[in-house]
Amino acid sequence: LIATRVDEVQRGAAETVASNGEVSELLGDMAELVRSIAASVQVQTGTTEDLSGRVDRLAEAAQTINDVAGAVDEAAGTTRQASNESRNAAQGLADLATDMIALTDA
């Protein structure tokens, strides 16, 4: 009877040791998984920061394009006004030439 109990206790102790080994192995696997997740988060953080910087630069470029477009629009308006003035001056010269020809024919 005592030998049986000793055997049971020894088997129980062996099972406990085996279970502790399995728990330790699982804890090691979990630690490795946590390290892997932390590394992935670090990479993702770097990628997010890089993308954020690129978005900022794109926004600045868009603003520059908008500013240039405004300047081009203003220059086009000035050119249009100068063109109208030139056309009016040319028409005035043509009218003057017509008047001069009429005077010389008279």
- [ ] Mind listing just one residue for me: the one in region 37-75 that is of a type in the set (D, E, K, R) and more than 15 Å from the chain's Cα centre (by Cα) and, of those, most open to solvent (accessible area, probe 1.4 Å)?
- [x] Glu74
Task: Only one of Val72, Val23 that is assigned to a helix (DSSP H, G or I) and modelled with pLDDT under 95 - done: Val23
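The values are calculated or read from the model by the stated rules, or taken from the named source; none is laboratory data. Remember, it's a predicted structure, so these values are computed and weren't measured experimentally. Keep in mind that these areas ignore ligands, DNA and RNA; they rest on the heavy atoms of the full protein, side chains included. Shrake-Rupley method; radii C 1.70, N 1.55, O 1.52, S 1.80 Å.
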